[in-house]
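Enquirer: There's a structure below that I have some questions on.
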Amino acid sequence: MSLRTRLTLLYTSTVGGILLLFGVAVYYSVSLTITRQLDTTLHQTADIVRANMRVGPQGELRVVSLVMLDLPADVYVQIWGRDGNLLDATQNIASYGRPLDPVGLQGGTPVYRDLRRGNDRLRVLSIPLEIGGRPAGIMQVGTRLDVVSAAQNTLLFVLLIGTVLAITAAGLAAWFSTGQALRPLASVTDTALQITVAGDLSRRIPYKGPPNDEVGQLINAFNQTLGRLENLFNTQRRFLADVGHELRTPLTVIKGNVGLMRKIKEFDEESLVTIDDEVDRLTRMVGDLLLLAQAESGKINLAHELVELDTLVFDVLNQMGVLARGKLDLRIGSIDQVLVCGDRDRLKQVLVNLLGNAINYTPRGGEVVIGLGKANNQARITISDTGPGIPPEDLPHIFERFYRAEKARTRQRDGKGYGLGLSIAYWIVRNHGGRIEVSSTSDKGSTFCVWLPLAEGSCGEETKVSGAGTHATTNEE
Ligand code: ADP
């Protein structure tokens, strides 16, 4: 059964149920009110008759003739003696001769009873009469219930017609309004099917209604999911293309050199060095890719130990100094003693990647300065260079995998770069609870700033981390 049918049925049956309860309540309260009114009339008539009764000389019951009394025309009165003889009756029932309510004659207390006399329905009040505390007879006052029946029938008819009309109207209203409300969902289904068939993730579901209602929010969420999926597919496509491209270059070089040696039929030292370099490059790249893949699938365990960042900075500086020697001035700006919790080897990798970039991209005669300190209750490592800077249009993308600014692609370098270093650094820092900021000015240089939480007391054990990201806080000068 469709949602629309279910909602309509639910709505209609709720309205129907409420109307039914309401109808029953109205029917019974109206019937009760009319019956009470009749009872009052019967009671008042009985009072008038009683007020006109006398006690005879032998202590018997005497009634002033009922004909003389001003009684309502539609009320019957009978007065029965103790021995069951009819003492008096109103004109409208004089010929009847039998008690209006035979059962009421037996009772010792006033009683109202509804009964049938021929085709008529009657309501009869039987009141025992007493003289000096002894039973002297019974008075029966009755009236036809036609008014009540007529009122009840009319009310029943009106209520039934009203209920049927209201249920029909509610059903139609529910059917159309749910149809209206659910129509955008049909377009969600259509678009989802079209996307599946055409594989076109760039499509979005149009919605003209208010964006903040439930359907608007659903469509918005769906469109956002589509956006993310599109992004993910594009990234994956680009990633595969990039990997293919980056792998092909060294392989072509290797193949070329092997081909050359085969041709000259001897080992050429220069070719062997080139092959060796390219194999190194491939090994590094595969290693980095593996690391990112593991990071993405959450399979990397990061150690959580106390790391002296100042010692680490000196270590990295010693290691990287070889690259800078004779080319540029690599020095420490300011250094403080700083302790953080984390994985020493991975943090070292961050510094190696950032410092490696600074050294690689800064031209001969330039300067690279590394600084370590504390600010805002956090550890701060800064790596500044006097290189070419990063163009503003590249800045938001440099942490993406395989992203390389145009200059970096074309510039003559030692061929080591392939656009994974910053992605890895970003992932490691993020999984240490920190962040990387970049500020850069064209032709003046760049500054990478790594923020890490300071160690508080002892560090815990290894932590398993998940998810690699490709964004970072960047700002431009
Ligand atoms: P790569 O292997 O190309 O260095 P990275 O992920 O380390 O890859 O860096 C991505 C890109 O960011 C580089 O290609 C380069 O365009 C830019 N970049 C990174 N660091 C610097 C820097 N210190 N100066 C100028 N550009 C830089």
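Enquirer: Can you pull out every residue in region 325-344 that is over 55 Å from the mean Cα position of the chain (by Cα) and open to solvent by 50 Å² or more (accessible area, probe 1.4 Å)?
Expert: The answer is 325, 326, 329.
Enquirer: Residues that are touching a Pro at 6+ places or on another chain (Cβ under 7 Å): which strands (runs of 3 or more DSSP E) entirely in region 34-100 hold 1 or more of them?
Expert: Hits in region 34-100: 75-81.
Enquirer: Out of region 87-109, which residues are at pLDDT 85 or above and buried (at least 16 other Cβ atoms within 10 Å of the Cβ)?
Expert: 87, 88, 89, 90, 99, 100, 101, 104, 105, listed by residue number.
Enquirer: Another question, if that's okay. When only residues in region 383-403 that are open to solvent by less than 40 Å² (accessible area, probe 1.4 Å) and over 26 Å from residue 313 (Cα atoms) count, which is nearest to the ligand (Cβ to nearest atom)?
Expert: This residue is 394.
Enquirer: Just give me the residues in region 343-379 being farther than 27 Å from residue 418 by Cα and in a strand (DSSP E or B), in sequence order.
Expert: Across region 343-379, the qualifying residues are 372, 373, 374, 375, 378, 379.
Enquirer: Quick check on this structure: which one of 148, 158, 164 is part of a helix (DSSP H, G or I) and at pLDDT below 90?
Expert: From the options 148, 158, 164, the qualifying one is 148.
Enquirer: Let me ask you something else. Among what's in region 418-449 and is farther than 16 Å from residue 355 by Cβ and in a helix (DSSP H, G or I), pick the residue that is farthest from the ligand (Cβ to nearest atom).
Expert: The selected residue is 430.
The values are calculated or read from the model by the stated rules, or taken from the named source; none is laboratory data. Only a predicted model underlies this, so the values are computations on that prediction, with no experimental measurement involved. Virtual Cβ from ideal backbone geometry, glycine too; neighbours counted across all protein chains shown. Only protein heavy atoms, including side chains, enter the accessible area calculation; ligands, DNA and RNA are left aside. Shrake-Rupley method; radii C 1.70, N 1.55, O 1.52, S 1.80 Å.
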